[in-house]
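Structure first, then comments.
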Amino acid sequence: MAEPLRLGIAGLGTVGSGVVRIVQRHARMLESRAGRPVTISAVSARNRDKDRGLRLNGYAWEDDPVALALRDDVDVLVELVGGADGPAKAATEAAIAAGKDVVTANKAMLALHGQALALAAEARGCAIRFEAAVAGGIPVIRALGESLAANEIQRVMGVMNGTCNYILTRMQSAGLAYEEVFREASDLGYLEADPTLDVGGIDASHKLAILAAIAFGTQVDFDAVDLEGIERITIDDIRAAADMGFRIKLLGVAQMTGRGLEQRMSPCLVPASSPLGQLENAMNMVVLEGDAVGQIVLRGAGAGEGPTASAVMGDVMDLARGRRGPVFGQPAATLARAQPASSTVPAPYYLRMALLDKPGALARIATVLGEAGISIDRMRQYSHDDPAAPVLIVTHKTRRSALKDAIAAMPATGVLASDPVAIRIEEV
Ligand code: HSE
């Protein structure tokens with residue numbers, strides 16, 4: 001019989017439990033497909049006594065994930081502890097130093113230490129596989145690094161945090177304020193222990209930085225992501241955007257421009273009728289654009305036991321079949337350091353403001369925009385009872401710097417009754 005591939009699973013939370021269940025439920029199928037058994041030798045978690053509804057008695061127990069990684073009967077460390085540093089990184093480094101492959105779902109660790117870990121792994125001839133780190137069950141790492149390997153990638157974008165998408169779509173469908181839906185998401189257990197990771201856009205930015213590295217052959221650079229979360233999005237913006245035919249999404253976009261690599265994670269307007277606009281609830285969507293393939297849209301569950309364990313096990317199966325390649329699609333030593341570029345690609349913008357309802361008010365705002373070189377595409381003023389008139393403007397494409405200048409000049413007109421809100425409209 002062919003030698004089994006023996007796993008050591010560090011972390012028995014939602015994803016780790018899902019991995020154990022798949023290995024147990026599909027043992028024969030995995031063996032047939034991989035040509036060798038896939039087995040679990042040992043597991044590790046913080047609390048040994050917790051009832052996880054799993055049969056664990058056939059596996060050795062290690063309190064320390066580093067000890068788990070170093071066991072002689074473990075060929076592959078499956079790192080599902082999470083966290084950029086601490087035990088997850090220590091166990092990963094230990095596994096690599098011992099010449100073992102690693103499968104991980106840890107986007108924070110890869111976004112912050114991916115280049116160093118890839119260099120170390122490749123120097124030892126080890127693989128690090130991380131399909132589960134980006135968009136859960138969606139096979140985007142494989143699509144980008146393998147299926148599209150012959151394309152020059154032009155743009156990668158997506159909704160990669162299900163919690164934010166849930167909050168934004170629920171605000172839209174139920175007409176509820178951000179704070180109310182945030183509480184709902186918390187009650188449903190959607191939020192990370194530190195909710196800022198979700199609503200602050202950090203979790204999604206980790207994922208974007210990883211995709212950008214593979215897409216553009218650059219070193220992963222999380223610090224260069226131009227990052228803004230969804231906390232400032234109000235129900236007024238959700239309604240106004242809908243009225244103009246848009247939806248608001250926390251959208252990540254990475255593209256190589258003449259000035260360098262632009263990585264943005266921010267609330268954006270997308271057409272309501274587009275696939276991104278129609279993405280509801282906690283689902284994820286990644287859009288890949290290559291020079292040969294054109295546009296590809298991948299949609300699926302970005303979190304949860306089944307989808308994330310599915311991605312982890314896809315990586316395990318690749319290793320069981322002997323398929324191993326460079327961590328980020330090309331040898332880490334050849335990955336360039338990208339020059340970060342900040343919002344250089346012009347875009348249309350949505351502007352919402354309240355103006356004093358007096359003769360010439362709108363004309364003054366239009367003049368400020370005109371003086372900044374910004375052309376108005378569409379404009380709408382709503383009927384109102386109070387003295388301030390709600391106004392929406394959609395601009396033609398402009399640079400963010402020009403828009404910033406215009407917004408800075410608006411208070412001097414003396415006609416503003418509220419601070420203008422500006423949101424980029426992404427062409428999708
Ligand atoms: N908190 C994440 C999300 C889970 O909401 O998508 C996976 O990173």
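Could you identify the single residue in Ser186, Ser173 that is more than 14 Å from the chain's Cα centre (by Cα) and either away from the ligand (no atom under 16 Å from the Cβ) or modelled with pLDDT of 95 or more (or both)?
Criteria check complete, one pass: Ser173.
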Consider only pairs whose beta carbons are under 8 Å apart and that are at least six residues apart or on different chains; among these, list those whose first residue lies in the range 232-246 and is in the same structural domain as Gly200 (by TED's automatic domain parsing) and whose second residue is part of a helix (DSSP H, G or I) and open to solvent by 30 Å² or more (accessible area, probe 1.4 Å).
-> Ile238/Gln172; Ala242/Gln172
In the set Ala292, Ala347, Ala303, the lone residue that is open to solvent by 40 Å² or more (accessible area, probe 1.4 Å), hydrophobic (A, V, I, L, M, F, W, C) and more than 30 Å from Ala185 (Cα to Cα) is Ala292
Check on Pro359, open to solvent by less than 60 Å² (accessible area, probe 1.4 Å) and more than 28 Å from Gln295 (Cβ to Cβ) | no
Report, by residue number, each residue of the range 12-25 that is open to solvent by less than 60 Å² (accessible area, probe 1.4 Å) and either outside the structural domain of Pro87 (by TED's automatic domain parsing) or farther than 23 Å from Ala135 by Cα (or both).
-> Gln24
Cβ pairs under 6 Å, 6+ apart or interchain, first in the range 278-289 and closer than 17 Å to Thr169 by Cβ and in contact (Cβ under 8 Å) with a residue 60 or more places away in the chain, second within 16 Å of the ligand (Cβ to nearest atom) and open to solvent by 40 Å² or more (accessible area, probe 1.4 Å), ordered by first then second residue, are Met285/Arg299
When you look at Ala45, is it within 19 Å of Ala193 (Cβ to Cβ), within 16 Å of the ligand (Cβ to nearest atom) and not basic (Lys, Arg), yes or no?
-> no
Looking at Gly217, Gly201, which is the one that is within 15 Å of the ligand (Cβ to nearest atom) and of a type in the set (Gly, Ala, Ser)?
-> Gly201
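Name the single residue that is nearest to Ile141 (Cα to Cα) among those in the range 281-307 being in a loop (DSSP other than H, G, I, E, B) and within 14 Å of the ligand (Cβ to nearest atom).
Gly302
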Odd one out for Lys249 among (1) in the same structural domain as His206 (by TED's automatic domain parsing); (2) open to solvent by 10 Å² or more (accessible area, probe 1.4 Å); (3) among the charged types (D, E, K, R) | (2)
Listing of helices (runs of 4 or more DSSP H) fully contained in the range 1-102 that carry 3 or more residues being farther than 24 Å from Gly136 by Cβ | 27-34, 65-70, 86-97
Where in the range 104-218 are the helices (runs of 4 or more DSSP H), entirely inside, with at least 3 residues that are farther than 26 Å from Asp318 by Cα and open to solvent by less than 10 Å² (accessible area, probe 1.4 Å)?
-> 162-174
Can you pull out the residues in the range 69-94 that are farther than 19 Å from Thr14 by Cα and either touching a Ser or Thr at 6+ places or on another chain (Cβ under 6 Å) or free of Cβ contacts under 8 Å to residues at least 60 places away in the same chain (or both)?
-> Leu70, Asp72, Asp73, Val74, Asp85, Gly86, Lys89, Ala90, Thr92, Glu93, Ala94
Gly245 versus (1) within 16 Å of the ligand (Cβ to nearest atom); (2) of a type in the set (Gly, Ala, Ser); (3) out of contact with any helix residue (DSSP H, G or I) (no Cβ under 7 Å at 6 or more places or on another chain): which is the lone unmet condition?
-> (1)
Listed by first then second residue, the pairs whose first member lies in the range 168-197 and is in the same structural domain as Asp236 (by TED's automatic domain parsing) and in contact (Cβ under 8 Å) with a residue 60 or more places away in the chain, whose partner is away from the ligand (no atom under 14 Å from the Cβ) and open to solvent by less than 60 Å² (accessible area, probe 1.4 Å), with beta carbons under 6 Å and at least 6 positions apart or on separate chains, are Leu168/Ile248; Met171/Ile235; Met171/Ile238; Gln172/Ile238
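The values are calculated or read from the model by the stated rules, or taken from the named source; none is laboratory data. Quick caveat, the model's predicted, so the values are computed rather than measured. Methodologically, a virtual Cβ is constructed for each residue, glycine included, from the backbone with ideal geometry; neighbour enumeration extends over all protein chains shown. SASA here: full protein model, heavy atoms, side chains in, ligands and nucleic acids out. Shrake-Rupley method; radii C 1.70, N 1.55, O 1.52, S 1.80 Å.
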